[in-house]
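*Asks:* First the structure, which I've put down as structure tokens, then a few questions once you've had a look.
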Amino acid sequence: MSKYLLNKFLYTVDRDADLVERYRTDPAGCVVQWEQEYANTLLNCHSGERSTWLAFSDEERTALATHDHVTLFAMGAHPFLTLTLFIAMFERDHGPLEYQFAYARALDGVTLPYPDIST
């Protein structure tokens, strides 16, 4: 499991409107495509350099494909990254702040100590 890769996914998808829409409408397909095309590229580097070892675990793929922000948080995904991306995907389907309150309620059962979100 890689907190870095989870957070990289959330960060890069949130910054690309086409990926946001793909993740909203076809989350499993988006996760597979992103993993193949972006997982082993250097973050914010356009020189073509790549690594070869980064990959999601089955548990990470499932949590990402089902938009399960509670499980992602438990895995160490940064809550601000999931919140901003999920707002971009789902806020339009809800009233003002309705999605944010639902997001918080879903995390209501999480108690201290919180998972380590450092990368």
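The values are calculated or read from the model by the stated rules, or taken from the named source; none is laboratory data. Note that the structure is predicted; figures quoted are calculated from it, not measured. So basically every Cβ, Gly included, is an ideal-geometry build from the backbone, and we count neighbours across all protein chains shown.
*Asks:* Can you tell me which residue in the stretch 13-28 is surrounded by the most Cβ atoms within 10 Å (Cβ to Cβ), limited to those that are of a type outside the set (A, V, I, L, M) and in contact with a helix residue (DSSP H, G or I) (Cβ under 7 Å, 6 or more places away or on another chain)?
*Replies:* Here is the first cut: in the stretch 13-28, the residues of a type outside the set (A, V, I, L, M) are 14-16, 18, 21-27.
With in contact with a helix residue (DSSP H, G or I) (Cβ under 7 Å, 6 or more places away or on another chain) added as a condition, the list becomes 14, 22-24, 27.
Details: 14: 20, 22: 17, 23: 27, 24: 18, 27: 15.
Result: 23.
*Asks:* Here's a follow-up. With respect to residue 93, is the statement that it is closer than 23 Å to residue 116 by Cβ, at pLDDT 90 or above and more than 10 Å from the chain's Cα centre (by Cα) true? Outline the logic, then answer.
*Replies:* Numbers: closer than 23 Å to residue 116 by Cβ: no; at pLDDT 90 or above: yes; more than 10 Å from the chain's Cα centre (by Cα): yes.
No, not satisfied.
*Asks:* I'd like to check which helices (runs of 4 or more DSSP H) are fully inside the stretch 59-116 and have at least 2 residues that are in contact (Cβ under 8 Å) with a residue 40 or more places away in the chain and surrounded by 13 or more Cβ atoms within 10 Å (Cβ to Cβ). Steps first, please.
*Replies:* Working: elements: 69-75, 79-90, 98-106.
So the answer is 69-75, 79-90.
*Asks:* In the stretch 28-58, which residues are assigned to a loop (DSSP other than H, G, I, E, B) and either at pLDDT 65 or above or closer than 19 Å to residue 75 by Cα (or both)?
*Replies:* At the first step, the residues of the stretch 28-58 found to be assigned to a loop (DSSP other than H, G, I, E, B) are 38-40, 42-49, 51-57.
Across the stretch 28-58, the qualifying residues are 38, 39, 40, 42, 53, 54, 55, 56, 57.
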